[in-house]
Each structure stands twice: as C-alpha cells, then as structure tokens.
1. Provide a single number: the residues in the stretch 173-195 that are surrounded by fewer than 21 Cβ atoms within 10 Å (Cβ to Cβ) and not charged (D, E, K, R).
2. Consider the stretch 23-33. How many of its residues are surrounded by fewer than 16 Cβ atoms within 10 Å (Cβ to Cβ) and under 17 Å from the mean Cα position of the chain (by Cα)?
3. All but one of (1) touching a residue at least 60 places away in the same chain (Cβ under 8 Å); (2) closer than 12 Å to G119 by Cβ; (3) among the aliphatic types (A, V, I, L, M) hold for L56; state the number of the condition that does not hold.
4. Going by the structure shown, is R34 in a helix (DSSP H, G or I), farther than 19 Å from G124 by Cα and charged (D, E, K, R)?
5. Give the residue that is surrounded by the most Cβ atoms within 10 Å (Cβ to Cβ), with candidates limited to residues of the stretch 78-94 that are free of Cβ contacts under 8 Å to residues at least 40 places away in the same chain and aliphatic (A, V, I, L, M).
6. Anything in the stretch 127-154 that is within 26 Å of D210 (Cα to Cα) and surrounded by fewer than 17 Cβ atoms within 10 Å (Cβ to Cβ)? List them, or say none.
7. Step by step: first the residues of the stretch 52-77, then only those that are aliphatic (A, V, I, L, M) and closer than 23 Å to K136 by Cβ, then the one that is surrounded by the most Cβ atoms within 10 Å (Cβ to Cβ). Which residue is that?
8. Residue check, R97 against (1) buried (at least 22 other Cβ atoms within 10 Å of the Cβ); (2) in contact with a Gly (Cβ under 7 Å, 6 or more places away or on another chain); (3) not hydrophobic (A, V, I, L, M, F, W, C), all met but one. Which one?
Amino acid sequence: MSGSGRLPEGGRDGVHDFGRWISRVPLRLGYRVRVHHADRVPTTGPVVVVANHSSLADGPLLFGIVPRRTVFLIKNEMFRGPVGRFLRRLGQLPVRRGEPDRAPLIAAQKVLRAGGVVGVFPEGTRGSGDVAEAQKGAAWLARSTGALVVPVACRGTRRPAGTGRRFRPKVDVLFGEAFELPADKGRQALVAATEHVRDRLAMLVAELDDQRGEGS
C-alpha cells in the first residue's frame, strides 16, 4: 500500500494526483460543475463515500471533486489494456458485478483501516440514479472498519432521453452530512445498515433534485 496516499498495492501517489488534476481541470471543461458542501467530508480518518450512479462520467468527475484521495470500486470490465493499467496505478480497485468478490473489499478495508477514503456506487450499476436499491458492500466496509459514511448526490451528467448532445451541461454535486452505522453483528444488522445507507443517499438525491427544479 502507498504510505502517505493510503492507496492499494500497485497504486502510485503521483499518478493518482495527476489523475485527480485531469478530473478537476480538463475533464470539467465539458461541464458547468457546481459543488455543494464538499467541506462535509472529514479531513482525516476513514471515510466511505457513497454516490448515486446515472452516467459513465460520474466516477471520473467525483474522483477529482472529493477533496481527499479516494479509492473507488470500479467494474472489472474497465480494467483492460492501457486503461486498466492506468486505473491500477491510480489506486482504483476492480470489482466483479453479480458474483461474490471479496478481494476488492478486503483491499478497500485495508485502505480504510489505514485512515483512507473509499468510494462506492452502492446501486451497483448505472441507471436513473434514484437509489431504489443498494448492494451491501458499502455498509459492510463502514461497519467492519468504523469508517464514517458520506453520501454524495450527482445530477446532470446523464443525457435526458430523447435529447441530442448537450453543450457543457450543468452538473451539481451535493455532499451530505457524514454519519456512522451501528456496529451490530449479523446478517440482519447488515441488511438494516445497507437500507440506512440507501435511504440517506436517496434522500440526498431527492434534495438535490428539488434544488435543481428539474429531472436528472
């Protein structure tokens, strides 16, 4: 693991920071990004960032917007060829969807226990971004490490159905208040914790939708 950056094995602090610069500067030129309450992310200690997911652009944008180095769990299909090698040097973790895959969770757990930040899209796949469902990984990570959970709502990256290419669409990113999950053990406690994460994130997305006064 990278020492100061708290990245998984294979991650490089310099490459990670360069990737964050790409996310903050060149990538954002294609959007009008407004970030709300990024100061709600604790400046130290383990944090699990959970975000809704409606567009391929969500992850790259959030990678630079979250104010701390963040290790994201990313679908395994992205880790091919030069892109895959770059993602590993960024310190990102591949996860296989739809099948048991503990290896990335254990690696993410190590990052959190070292005081780092892990980003998860609990819906598991792109969709409307309303967070109608959530996978258990984020809650498991937070409960097993004592990490705080910070919900993040992102709207504006998804092209509305029936519309053409948009010029610099307006994107809003809203950070919610950090919260703790009960450390109760057992399957039912994990199910309850997962629903709590889903509910807090879904409420934040609804709040952002109200602020924008428009659909996603």
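Quick note: the coordinates plus some simple rules give every number you see, no bench work behind them. Nothing here was measured: the structure is a model prediction, and the numbers come from that model. Backbone-built Cβ (ideal geometry, glycine too); neighbour counts: all protein chains shown.
1. 10
2. Residues flagged as surrounded by fewer than 16 Cβ atoms within 10 Å (Cβ to Cβ) and under 17 Å from the mean Cα position of the chain (by Cα) within the stretch 23-33 amount to 1.
3. Every condition holds for L56 apart from (2).
4. no
5. By that ranking, first place goes to L87.
6. G127, S128, D130, A132, E133
7. V71
8. Going through the list (1) buried (at least 22 other Cβ atoms within 10 Å of the Cβ); (2) in contact with a Gly (Cβ under 7 Å, 6 or more places away or on another chain); (3) not hydrophobic (A, V, I, L, M, F, W, C), R97 breaks only (1).
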